[in-house]
Amino acid sequence: MGNEIFDLSGRVAIVTGGNGGIGLGIAEGLAAAGANVAIVGRDETKTAAAVERLRGHGVEALGLAADVSDAAAVDEVVSSTAERLGRIDILVNNAGIARRGLLQDYAEEDWDSVVDINLKGMFLFSRAVHPHMVRAGGGKVINIGSMASIFGLDWAPAYGASKGGAVQLAKNMAVAWAKDNIQANAVLPGWIETDMTAPLPEIAPERYALINSRIPQRRWGVPADFAGIAVFLASSASDYVTGAVITVDGGFSSF
């Protein structure tokens, strides 16, 4: 058994929030393994740059703009991807936002926006790709959770709730869609250097120091650290892995 079990040549992936951060790290890993990739992001400049990077791997790449919480927009992205790239085999539900605040002071509109993008978007995309994966004979869904999927945070109630939901949604899909040869899993990033986490040293220096002190590998992760796990979960190497929750955190959750 060689590297062919990780070969994604001819497969088509959709990566939401794929124009930067963890999403782009995942998209590059899939492209390097041979997959054609459609990335979904609302910043057109970032998306155009990401598409060029992906095409550098010798694959087809699309950049599509959509509000992931809008069902009609999601359906249009999925239909366009299938029409232009021929099929859909892989979905990475990565798009997400955070709104900081204490639960007792949290604004309803902030709750709605976070849950709509982080969790409702996963539901809408998963529902939309299902018939395409059935048509293709199977598929792979990867939900991107967080350490907040398993640890409580005092400053991010909607984010934590939505990321906990990402795990349970993956488990539900794993059970419901096993008959369709669709595997669904959740990946939980630890503390990763992205635009979302960049302000932390300034706004919460004590928390930042505490985080650093309990990462056994003594470094924060980078988006490229997600290429390998994404290829594994998107390829035939993981055909008997479904409903799993996998941390990519440098050992943070083991401390």
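The values are calculated or read from the model by the stated rules, or taken from the named source; none is laboratory data. Just so we're clear, the structure is a prediction, and the values are computed from it rather than from any experiment. We place every Cβ from the backbone using ideal geometry, glycine too, and count neighbours over all the protein chains shown. All accessible areas refer to the heavy atoms of the entire protein, side chains included, with ligands and DNA or RNA removed. Shrake-Rupley method; radii C 1.70, N 1.55, O 1.52, S 1.80 Å.
So here's what we get for this one:
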{"read-out": "Residues satisfying the stated conditions in the range 137-180, i.e. open to solvent by less than 40 Å² (accessible area, probe 1.4 Å), among the aliphatic types (A, V, I, L, M) and closer than 21 Å to Ser236 by Cβ", "value": "Val141, Ile142, Ala170, Met173, Ala174"}
{"read-out": "Evaluation of Ala224 against (1) hydrophobic (A, V, I, L, M, F, W, C); (2) out of contact with any helix residue (DSSP H, G or I) (no Cβ under 9 Å at 6 or more places or on another chain); (3) open to solvent by 30 Å² or more (accessible area, probe 1.4 Å) (one fails), failing number", "value": "(2)"}
{"read-out": "Matching helices (runs of 4 or more DSSP H) fully within the range 139-255 where at least 1 residues are under 18 Å from the mean Cα position of the chain (by Cα), closer than 21 Å to Ile97 by Cα and at pLDDT 95 or above", "value": "157-176, 227-234"}
{"read-out": "Lone qualifier among Gly10, Gly56, Gly23 - being touching a Ser or Thr at 6+ places or on another chain (Cβ under 9 Å) and either closer than 18 Å to Ile144 by Cα or not hydroxyl-bearing (Ser, Thr, Tyr) (or both)", "value": "Gly23"}
